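Undergrad: Quick one: structure below, then a few questions.
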Amino acid sequence: MTQNLFGEPPTPYAAPEPIAPGAALLRGFALDQAEALRQAAQQVIAAAHLRHPVTPGGRAMSVGMTNCGALGWTSSRTGYRYSSTDPLSGQPWPPMPACFADIAARAAAEAGFEGFAPDACLINRYEPGARMSLHQDRDESDLGAPIVSVSLGLPAVFLFGGLQRSDRPARYGLAHGDVAVWGGAARLAFHGVAPLADGEHPRLGRQRINLTFRRAG
Ligand code: SIN
Ligand code: FE2
């Protein structure tokens, strides 16, 4: 675990940790790129501000979101969809930083998915108390490509279940620099994030930033 609960230095990346057929945690895989990823995420956020999208059920999400890349995931009362423009500005989403595409492709390959070229990156910002309820990522037209999810900042509890909403999810700690990859038989697994515990991360402060890479178009 790279979880830094007792102030120990994070453990360097060793090997994929399988959590289900088609799914693995790569603990510490992004640690040596974390500062570059943090800075690039800040630049995207400066250009396309975080917002709390409303779900079709009418509730604002507790997670702040924005996107970069050719396509961005959006939610509104009319549903979930991918869009090539930011509905707030009408402008294209900021381009995907090279360090984003690079870590996503390398993490996917490390987990057994060669040739992953994401065209969408959702940036999720969790403040203490923010959570993401169990869901499937199923708005992408190409379900053959995996999902790559990079964690920065405060540690979170990742919930990873099965193909049915009723499957009881397992809980995994995700720390700064950890990467989760799921595809193949796990591509439509239900997953979510438990309410973020308060804390102070040395580089990111009181927040967790998650980068979710997808092949959407
Ligand atoms: C997501 O499912 O989009 C986010 C997962 C995470 O924040 O780790
Ligand atoms: Fe998701």
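The values are calculated or read from the model by the stated rules, or taken from the named source; none is laboratory data. Source: prediction; values computed, not measured. Reconstructed Cβ throughout: ideal geometry from the backbone, glycine too, with neighbour counts over all protein chains shown. Please note that ligands, DNA and RNA were not included when accessible areas were found on the heavy atoms of the full protein model with its side chains. Shrake-Rupley method; radii C 1.70, N 1.55, O 1.52, S 1.80 Å.
Undergrad: Just to verify a result, which residue in segment 181-200, among those that are within 15 Å of ligand 1 (Cβ to nearest atom) and open to solvent by 20 Å² or more (accessible area, probe 1.4 Å), is farthest from Pro21 (Cα to Cα)? Explain how you work it out, then say what you get.
TA: Filtering segment 181-200 for residues within 15 Å of ligand 1 (Cβ to nearest atom) gives 181-183, 186-197.
Restricting the remaining residues to those that are open to solvent by 20 Å² or more (accessible area, probe 1.4 Å) gives 188, 195, 197.
Working: Leu188: 12, Pro195: 26, Ala197: 29 Å.
Among residues in segment 181-200 that are within 15 Å of ligand 1 (Cβ to nearest atom) and open to solvent by 20 Å² or more (accessible area, probe 1.4 Å), the one farthest from Pro21 (Cα to Cα) is Ala197.
Undergrad: Taking segment 84-103 only, how many residues are in contact with a Leu (Cβ under 8 Å, 6 or more places away or on another chain) and among the β-branched types (Val, Ile, Thr)?
TA: 1
Undergrad: If you go through segment 156-176, how many residues are assigned to a loop (DSSP other than H, G, I, E, B), more than 13 Å from ligand 1 (Cβ to nearest atom) and either under 24 Å from Ser75 (Cα atoms) or among the small types (Gly, Ala, Ser) (or both)?
TA: Residues of segment 156-176 that are assigned to a loop (DSSP other than H, G, I, E, B), as a first pass: 161-169, 175-176.
After this cut, where a residue has to be more than 13 Å from ligand 1 (Cβ to nearest atom) as well, the list is 162-168.
Now drop any that are not either under 24 Å from Ser75 (Cα atoms) or among the small types (Gly, Ala, Ser) (or both), which leaves 162-166.
Selection size over segment 156-176: 5.
Undergrad: Does at least one position in segment 136-147 carry a residue that is in contact with a His (Cβ under 9 Å, 6 or more places away or on another chain) and open to solvent by 30 Å² or more (accessible area, probe 1.4 Å)? Give the derivation first.
TA: Initial filter on segment 136-147 (in contact with a His (Cβ under 9 Å, 6 or more places away or on another chain)): 136-137, 147.
Then drop every residue that is not open to solvent by 30 Å² or more (accessible area, probe 1.4 Å), which leaves 136.
Within segment 136-147 (the criterion being in contact with a His (Cβ under 9 Å, 6 or more places away or on another chain) and open to solvent by 30 Å² or more (accessible area, probe 1.4 Å)), the answer is yes, since at least one residue qualifies.
Undergrad: Another question, if that's okay. Just give me the residues in segment 66-82 being of a type outside the set (Gly, Ala, Ser) and more than 17 Å from Gln136 (Cα to Cα), in sequence order.
TA: Step one: filter segment 66-82 for residues of a type outside the set (Gly, Ala, Ser), giving 66-68, 71, 73-74, 77-78, 80-82.
Selection gives Thr66, Asn67, Cys68, Leu71, Arg77, Thr78.
Undergrad: Filter segment 22-40 down to residues that are within 23 Å of His135 (Cβ to Cβ) and surrounded by fewer than 21 Cβ atoms within 10 Å (Cβ to Cβ), then give me how many there are.
TA: Looking only at that region, the number is 1.
Undergrad: Could we say that Gly112 is modelled with pLDDT of 95 or more, out of contact with any helix residue (DSSP H, G or I) (no Cβ under 6 Å at 6 or more places or on another chain), on the phi > 0 side of the Ramachandran plot and open to solvent by 20 Å² or more (accessible area, probe 1.4 Å) here?
TA: Numbers: modelled with pLDDT of 95 or more: yes; out of contact with any helix residue (DSSP H, G or I) (no Cβ under 6 Å at 6 or more places or on another chain): yes; on the phi > 0 side of the Ramachandran plot: yes; open to solvent by 20 Å² or more (accessible area, probe 1.4 Å): yes.
Here the answer is yes, as Gly112 does meet what is asked.
Undergrad: Provide a single number: the residues in segment 79-101 that are farther than 17 Å from Asp32 by Cα and either open to solvent by 70 Å² or more (accessible area, probe 1.4 Å) or of a type in the set (Ser, Thr, Tyr) (or both). I'd like the intermediate steps shown before the answer.
TA: Kept after step one, since they are farther than 17 Å from Asp32 by Cα, are these residues of segment 79-101: 79-96.
Filter once more, keeping what is either open to solvent by 70 Å² or more (accessible area, probe 1.4 Å) or of a type in the set (Ser, Thr, Tyr) (or both): 80-85, 87-89, 91-92, 95.
Of the residues in segment 79-101, 12 are farther than 17 Å from Asp32 by Cα and either open to solvent by 70 Å² or more (accessible area, probe 1.4 Å) or of a type in the set (Ser, Thr, Tyr) (or both).
Undergrad: Restricting attention to segment 118-155, which residues are among the hydroxyl-bearing types (Ser, Thr, Tyr) and either away from ligand 1 (no atom under 11 Å from the Cβ) or over 19 Å from Gly79 (Cα atoms) (or both)? Lay out the reasoning, then the answer.
TA: Narrowing segment 118-155 to residues among the hydroxyl-bearing types (Ser, Thr, Tyr): 126, 133, 141, 149, 151.
Of everything in segment 118-155, those that are among the hydroxyl-bearing types (Ser, Thr, Tyr) and either away from ligand 1 (no atom under 11 Å from the Cβ) or over 19 Å from Gly79 (Cα atoms) (or both) turn out to be Tyr126, Ser141, Ser149, Ser151.
Undergrad: In segment 41-68, how many residues are open to solvent by 10 Å² or more (accessible area, probe 1.4 Å) and outside any strand (DSSP E or B)? Please lay out each step first, then the result.
TA: First pass over segment 41-68, keeping only residues open to solvent by 10 Å² or more (accessible area, probe 1.4 Å): 42-43, 45-47, 49-62.
From what is left, the residues that are outside any strand (DSSP E or B) are 42-43, 45-47, 49-50, 52-53, 55-59, 61-62.
Result for segment 41-68: 16.
Undergrad: Look through Gly162, Gly199, Gly177, Gly153 and report the one residue that is over 14 Å from the mean Cα position of the chain (by Cα) and either away from ligand 2 (no atom under 16 Å from the Cβ) or of a type in the set (Phe, Trp, Tyr) (or both).
TA: Details: Gly162 fails: either away from ligand 2 (no atom under 16 Å from the Cβ) or of a type in the set (Phe, Trp, Tyr) (or both); Gly177 fails: over 14 Å from the mean Cα position of the chain (by Cα); Gly153 fails: over 14 Å from the mean Cα position of the chain (by Cα).
Residue meeting the stated conditions: Gly199.
Undergrad: Continuing with the same structure: Out of (1) open to solvent by 40 Å² or more (accessible area, probe 1.4 Å); (2) modelled with pLDDT of 95 or more, the odd one out for Ala104 is which?
TA: Failing condition for Ala104: (1).
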